[in-house]
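Derivation of every value follows stated rules applied to the coordinates shown; laboratory data play no part. Here the structure is a predicted model, which means the values were calculated and not measured. Cβ sites come from the backbone with ideal geometry, for glycine too, and all protein chains shown count toward neighbours.
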There are 2 protein chains.
Amino acid sequence: ACSMALQATADPLPSWNDTHAKTAIVEYVASVTDPTSEQFVPVAARIAVFDNDGTLWSEQPVYFQLTYALDTLKEKAKKDPSLINSPALKAAAAGDLKTLMAGGMSGLQEVINASHSDMSVMAFQQSVKQWLATARHPKTNMRYDAMIYQPMLELLSYLRDNSFTTYIVSGGGQQFIRAFSEKAYGIPPQQVIGTALHAQYELIDGKPQITKKPDVSFLDDGPGKPVGIATVIGKKPIFVGGNSDGDFEMLEWGSSNELPSFGLIVHHTDAKREFAYDRDSHIGKLDKGLKQASSRGWLVVDMKEDWAKVYPKTP
Amino acid sequence: ACSMALQATADPLPSWNDTHAKTAIVEYVASVTDPTSEQFVPVAARIAVFDNDGTLWSEQPVYFQLTYALDTLKEKAKKDPSLINSPALKAAAAGDLKTLMAGGMSGLQEVINASHSDMSVMAFQQSVKQWLATARHPKTNMRYDAMIYQPMLELLSYLRDNSFTTYIVSGGGQQFIRAFSEKAYGIPPQQVIGTALHAQYELIDGKPQITKKPDVSFLDDGPGKPVGIATVIGKKPIFVGGNSDGDFEMLEWGSSNELPSFGLIVHHTDAKREFAYDRDSHIGKLDKGLKQASSRGWLVVDMKEDWAKVYPKTP
Ligand SMILES: [Ca+2]
Ligand SMILES: [Ca+2]
C-alpha cells in the first residue's frame, strides 16, 4: 500500500521539463485511465507503439545498426577476404559510406545480407550483444545502448504503470532490436516488431534452428508500420511515438482510432546534448510530420526545451 | 485468499478422464511452476503454443475456413456472377470439392483470393462473425465456433492460471481466427499467429485502412510454424500442442528448448462423439507424429479414452 501511494504522488516523468509536452502527456494518460471519464479506454485497448531509431535512442551520424553491419563485415573480411566480392561490399569494408550510399538500396541490401544472414537468430543476437559491449559511438564515446533517451524510458514506464502494453515498431531489424530491447527499454521480444529478413527452419546436426536468410521479407517502414501492427498486434494503437516521416502512416493509423489517441513526434533540436536535424537530414528526415503535426493534433516534443535530460548517464 | 484456496484444490481439468494424459499434464505444470523444483521455469519463458484446426476445434469434413470461403463465394456470386471466371471458382461455387481439390493449391488459392482479399481486415472479420452466427455444421448442426474442445479450453485456462501465455499458431488464416479467438478461447489478437495474405495500408476516402490483398505472404504450416513463432514471439515455447504432421516441426522446436518442455498431440480416435482419423486423412494427416511421439516424449491424447467431454454444450 505504501509503494502504491508513492507511485501515485511521485512525478512519473522527472526528466521532462514542466512544459506543455509533459502536461499534455499526463493529462491524456489521466483521462484514458479514469473509469469515470468519457475518455476512458479499457486496458486491452491500451496499446502504445514506438519507433526506435531517433525515438527511443539516437540515430546519428548513421543508424547504429548500419555501424554494426560495417563493423561485422570488417571482422568477417579479416578472416575471409573473399567475402568482399562486390563494389558495394568493398566500399562498406573500407568504411566509405559515401560510395556505399551512392549505390542505393541494392548496395545496402548486400551489406545487410553479408553481415546479417546465413546464421541462426541466436548466433546473430549473440553477435549484436558482443558488439554492443565493445563498440563506442564516435561522438559521445558511449556504448550505443547507453544512448537511449531517459525521458522516453520514463514515458514507457509511465504508460506500463498505467496498464498500457508498450511495443516497438521499427524500420530497424527485429532480431537486432530484440538483442537489447528488454534490458534497455523493458520491452520483451514479443513486443518488438521490425524489418525482417527471410527466415528458415533447419536441422543442423539434428538440432533445429531458425536461420536468417538473405533479403528482406518484411519492410517495417512507412506504410509498412501499420501493416506490421495489424499483423502482429491485430489492434489499432491509441498511443504512437515516432520521429520521422517513416512514422507518418503509423501516426495517422493511431489517430484514426475511435478511442482517444495520442501522437507524439520527437523533434531533434538539441545540437549540444544530442543532434539537431529534421527536414534536410539524410537520416530521420522529418518534413511532412512537422508540417501536419498541428492540424492532426500530434505533440511535437522539442528535445532542447522539453527534456531536462537526454541520456540516463549524462547530466 | 478464499478464491486462491479454491483454485488450488479444485480440479483444473474436469473434462479430462483420470488417465495418464491428465496426470502427465498436471505433473508437468506443477513441476515448472514450483520455485523449489529443478524443473522451475520463470514466468517470462512460460510460452504455450497451440495449433487450431483439429487441436482446439474440429476440422472435419473440411477445414471450417474452407466452408466459410465457399459460402462467401456463393453469396458473392449471387450478386455478381462474373466473379466466377475460372474452372476452380466454378467448382467452388457449385460446392464441387472433388474437382476443386483436384486442381491443387492454385485452385484453392483462387478461392481464398476471391473470398478473402480486396477488403479491409475489419470488414473481413465482420463477415466471418456474421458467417459464424448463421452457418451450421453438416454433421452436428452446431455453430462452428461451438465445436471447440472443452478439455482444451480447460487446458488453456489451466496454463494461463499458472502464468503461461497461450498462443495460437495455425496454418489457418490469422485474421480469420482473430474474429473469434478471444471469445472462443480467451486468446487475444496479439497471441494469434497464422497464415497471412499480403496486406496494404491504404487511404479510402481519406480514412486509413489495412486491405487484404491476394496471395499468401506467410504460410504458417510445417516448418513455417517455428518461423512464425521466432518472428512474432521471439522465444522458444515450452508447451506445444498440435494434432497433425503440420505441427511436427513446431513440436520438435519446442522439444529443443533447454528448459523442460511438453509436447502434446490430439489424436482423433472418437468417431462417435467427434471424428476418427489419422494416417490416411486428407485433412489433419497424422503419421510421422504418431510414429515418433513415444521416442520424442510427446503425449498422444486419445480423445475417446482421455476426454470425458468433447464440446462445451454436448454431454
Ligand atoms: Ca526513426
Ligand atoms: Ca491441425
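Remarks
- Sequence-ordered 3J(HN,Hα) estimates for segment A:217-223 from the Karplus curve with 6.51, -1.76 and 1.60 and θ = phi - 60° stand at 9, 8, 9, 8, 9, x, x Hz, glycine and proline given as x.
- Anisotropy class of segment B:146-226 from Cα gyration tensor, a/c 1.5 cut: prolate
- Chain lengthening between A:SER163 and A:LYS213 when straightened (0.36 nm per residue, less Cα-Cα): 14.3 nm
- Estimated inter-spin distance, B:ALA271 and B:THR134, nm [label 7 Å along Cα→Cβ]: 3.5 nm
- Where GluC sites (Glu not before Pro) in DSSP loops with at most 11 other Cβ within 10 Å are excluded, longest remaining stretch of chain A: A:39-257
- For the residue pairs A:LYS74/A:LYS212; A:LYS98/A:LYS272; B:LYS78/B:LYS313, the C-alpha atoms sit more than 27 angstrom apart in B:LYS78/B:LYS313.
- Segment A:233-250 - phi-based ³J(HN,Hα) in whole Hz, Karplus 6.51/-1.76/1.60, Gly and Pro as x: 8, x, 9, 7, x, 9, 10, 10, x, x, 9, 9, 5, x, 9, 4, 5, 5
- Per-residue Cβ neighbour counts within 10 Å put A:PHE218, A:PHE50 in the sequence A:PHE218, A:PHE50, beginning with the fewest.
- A Gaussian network model of chain A, with springs between Cα atoms under 10 Å, assigns the largest mean-square fluctuation among A:ASN17, A:ASN162, A:ASN141 to A:ASN141.
- For segment A:161-175, 3J(HN,Hα) computed residue by residue from phi via the Karplus equation (6.51, -1.76, 1.60; θ = phi - 60°) reads 4, 9, 6, 7, 9, 9, 10, 9, 10, 10, x, x, x, 4, 6 Hz, glycine and proline entered as x.
- Set the Cα radius of gyration of the protein assembly as shown against 2.2 N^0.38 Å, with N its number of residues, and you get 1.01.
- Between 0 and 90°, nearest 10: helix B:64-79 axis offset from chain B longest Cα axis: 20 degrees
- Rel. contact order, % - alpha carbon contacts under 8 angstrom, at least six apart, chain A: 23 percent
- Scanning residues 5 or more positions from B:VAL49 or on other chains, those with amide H under 5 Å from its amide H are B:TYR167, B:PHE239, B:VAL240, B:GLY241, with H placed 1.01 Å from N in the peptide plane.
- Here segment B:153-217 and segment B:28-54 have alpha carbon centers that stand 23 Å from each other.
- For chain A, calculated [θ]222 nm from helices alone, where every DSSP H run of n ≥ 4 adds -39500 (n - 2.57): -11500 deg cm²/dmol
- Equivalent ellipsoid semi-axes, segment B:64-134, via Cα gyration tensor eigenvalues times 5, rooted, Å: 20, 13, 12
- By the Cα gyration tensor, chain A has an equivalent ellipsoid whose semi-axes, rounded to whole angstrom, run 35, 22, 19 from largest to smallest.
- Residues whose amide H comes within less than 5 Å of that of B:LEU299, counting only those at least five positions distant or on another chain, are B:GLY263, B:LEU264, B:ILE265 (H built at 1.01 Å from N in the peptide plane).
- Based on C-alpha pairs under 8 angstrom that are at least 6 apart in sequence, segment B:26-127 has a relative contact order of 18 percent.
- The simple Förster model, with R0 at 30 Å and r as the Cβ-Cβ distance, assigns A:LYS313 and A:LYS98 a FRET efficiency of 0.40.
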